[in-house]
Amino acid sequence: MGFSEEALLAYCEMLEDGGFLPDNFIVPNALKLVELCGRLSLAREFMDDAKKVFDGMLEKNVVAWNSMIMGYVQNGLKQRYFAICDWKASNQTECVLSASANLNVLQEGRHGHALAVLSGLELDDILGSSIMNFYSKVGMIEDVELIFSRMVFKDAVAWNLLMSSYVTFGKNLELGKEGHCYCIRNNLESDLVVSSSIIDMYGKCGRINVATRVFHSTSRRDLVLWNTMFARYAELGLTGEALKLFYQMQLESITPNVISWNSIILGFFRNGQVINAQEMFFQMNSFGIQPNLITWTTLISGLAQNGFGYEAILVFQQMQEAEIKPNTISIASALSACTRTPLLHYGKAIHSYVMRHDMYFSILITTSLLDMYAKCGKMDNAKWIFDICSSKELPIYNSMISAYASHGYARKALAIFKELVKEGIEPDNITFTSVLSACSHSGLLQEGLEFFNYMISKPQVKPSMEHYGCLVNLLSCCGKLDEAFMTIHPLNAR
């Protein structure tokens, strides 16, 4: 029995002993333990106790709903989840929709929407925004637009959701422009939330010049608006423009906050200007701005991505000395800095930290650990990480297949692929590329051809140039030059 299981048992014993009233802090954490138990039969056994805990809460917040929905969905108990919802309560419906959006569970959210409509709650501006947010999170942009069109009162939150949805899915510039025109016609552009969304939309659609014009045409600019502009400049590595704006805001008596500094630092890293990024970090401290978790994570990630692995590890250590608790992204970034053998002992130290803090539930951390060991040549350690993972999802399978492929273990990569298919997990383009690459490097002609035919039989998969490149390389290495030419010829004709 693992630590999570023991903790949940202890919690249940406290309930049975009586005299213990769970609160809004303890309950979500107890429910979280159900998710972490790992063993399906045990988790299902605990769900009845979790339901008692949930029923005992005076106020059921989004965190509690997150945990209950995840517990039921992961353990195949969706009907029980539907039974616990009081869909006539607007605030509860909003919590459930927010939880469904956070967990990306389509069926549960759609069910919530349907029952909200039957209860006559859909057109409420707050609930309407929650429904829009849910459909945006699950990638259904048409439904976002439909809900928006039905809302009687469209506030700044609804417009913000609509504009951000246009950007997130397909970066639809034309739809974004239509939204901008509507805002101008209805005098909504003066709302700072709406203006921020418009600037964000143009920036993410690659129209930074238009975003800049909108920014400068805004008569009233708050800190959020300045930070939106910084974020877009940083994403594009436009450090010169970002710095000009950074000094301009101070001339206009607006003091940059930690978010402003973080964007400038990120922009320098995106542009490969490591020394400038470090200097901005030191200046930030001298101005009395305390680095937050995002600052430290940006530093670690930026240093690691620019080849300064040792320096990234030092920053990770300084972060802990500053008593900032690293999150999954910080740890994954630090692990990415340890992918060279001389830094392996630092990676092992971070691995120990993960074990001490029971962070194996993170897919990002699991794949980062696996990748680190594989790149350092420690394939036994990489396979051990893969084997102990209780809930393997596609990214974890992809990491293991890629690790075997990069080290020339084609048959082992194929074995992991077969295991993935057996588990009913749909492979993606990354999976197919890794397996084809493994066959190509090992000269497994028959297996590679069979696999390619399997791939093109999947209607949801469209072979990319990378896939064809692996196939051509395989055929060439095996002396099948005519077949390789026949593969390339139709591609050239395109």
Distance between the C-alpha centers of segment 222-259 and segment 345-364? Whole Å please. 36
Expressed in nanometres to one decimal, the distance between label points 7 Å along Cα→Cβ at Glu323 and Lys418 is 5.5
Determine the sum of side-chain charges near Met379: Lys and Arg each +1, Asp and Glu each -1, restricted to other residues whose C-beta is under 13 angstrom from that of Met379. +1
Would you work out the relative contact order for segment 385-482, in percent, from Cα pairs under 8 angstrom that are 6 or more residues apart? 25
Under 1.5 on a/c is rounded, so check that first for segment 349-392, then, if it is not, pick prolate when a/b is larger than b/c and oblate when it is not; a ≥ b ≥ c are the square roots of the alpha carbon gyration tensor eigenvalues. oblate
Give the shape of segment 202-251 as rounded, prolate or oblate, defined through the alpha-carbon gyration tensor: a ≥ b ≥ c are the square roots of its eigenvalues, a/c under 1.5 means rounded, and otherwise the shape is prolate if a/b is larger than b/c and oblate if not. oblate
Given a Förster distance of 41 Å, report the FRET efficiency between Glu142 and Gln283 from their Cβ-Cβ distance, rounded to the nearest 0.05. 0.30
Given a cut-off of under 8 Å on Cα pairs at least six residues apart, what relative contact order in percent is computed for segment 220-314? 25
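Computed from the coordinates by the stated procedures, all read-outs in this text should not be read as laboratory data. Being a predicted model, the structure only gives us computed values, none of them experimental. Positions of Cβ are backbone-derived with ideal geometry, glycine not excepted, and every protein chain shown enters the neighbour counts.
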